[in-house]
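Participant: Here it is, the structure, as structure tokens.
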Amino acid sequence: MKIQIINGPNLNLLGTREKNIYGDESFDNYFKNLKSKFDKLDLYYFQSNIEGEIIQKIQEVGFEFDGIIINAAAYTHTSVGIGDAIRSITCPCVEVHISNTYSREEFRHKSYLSPYVKGVVLGFGLKSYDLALQSFL
Ligand code: DQA
């Protein structure tokens, strides 16, 4: 089973960025452990700070892979384009957030992705990605 994880802007800074909110583990380290934990799955990881590159990746894998796990980060709250890309593809998509966006500023309560995804996992730190992966098993 092929699953693509897509992370949006500033998530390359996990481990150094706002540790009180996002924790102190880098995503590369977390991903290494995730791959060994789910060794029956074919896991792929892509991160970009650029909206168009994220849309490109969704289009690239979205008709071929078995699933996408996406944390579009700040673009979650602004991007009609990423929402449209998700509604255009055929593979199921799970939206993930590290923090509980509903306990934060009001602008983080709106998601342009949520209407088009299979489900949303948020607020469990990096474990949110584990939980999203389990939904594909
Ligand atoms: C985030 C929440 C977003 O509001 C924020 O812009 C992020 C990360 C999360 O994983 O908690 O960059 O998506």
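The values are calculated or read from the model by the stated rules, or taken from the named source; none is laboratory data. Quick caveat: nothing in here was measured; it's all calculated off a predicted structure. Note: areas computed on protein heavy atoms with side chains; ligands, DNA, RNA excluded. Shrake-Rupley method; radii C 1.70, N 1.55, O 1.52, S 1.80 Å.
Participant: Take the Cα atoms of region 77-131, build their convex hull, and give its volume per residue in Å³.
Facilitator: For region 77-131, the hull spanned by Cα atoms encloses 71 Å³ per residue.
Participant: Let me ask something else about it. Skipping prolines and chain starts, which residues have an amide H placed within reach, meaning under 5 Å, of the one on Gly15, given they are 5 or more residues away or on another chain?
Facilitator: Residues meeting the amide H criterion: Glu25.
Participant: With contacts defined as alpha carbon pairs under 8 Å and 6 or more residues apart, what's the relative contact order of region 2-134 in percent?
Facilitator: 26
Participant: Taking amide H positions as placed 1.01 Å from N in the peptide plane, with prolines and chain starts having none, which residues 5 or more places from Asn100, or on another chain, fall under 5 Å of its amide H?
Facilitator: Here Gly123 satisfy the definition.
Participant: Return, for the Cα atoms of region 2-134, the radius of gyration and Dmax in Å, separated by a comma.
Facilitator: 13.6, 39
Participant: Could you give the accessible area per residue of region 2-134, probe 1.4 Å, as a whole number in Å²?
Facilitator: Per residue, region 2-134 has 50 Å² of solvent-accessible surface.
Participant: Counting just the Cα atoms, what span does region 1-73 cover along each of its three principal axes? Round to the nearest Å and put the largest first.
Facilitator: 37, 31, 13 Å, listed from the longest principal axis down.
Participant: If you don't mind, another one. Over the chain, what percent of the accessible surface lies on carbon and sulfur atoms, probe 1.4 Å?
Facilitator: Carbon-and-sulfur percentage of accessible area, whole number: 49.
Participant: Please list, ordered by chain and number, the residues whose modelled amide H lies under 5 Å from the amide H of Ser79; skip anything fewer than 5 residues away on the same chain.
Facilitator: Tyr112
Participant: What accessible surface, in Å², does a 1.4 Å probe find on Val80, ignoring ligands, DNA and RNA and rounding to the nearest 10?
Facilitator: Answer for Val80: close to 80 Å² accessible.
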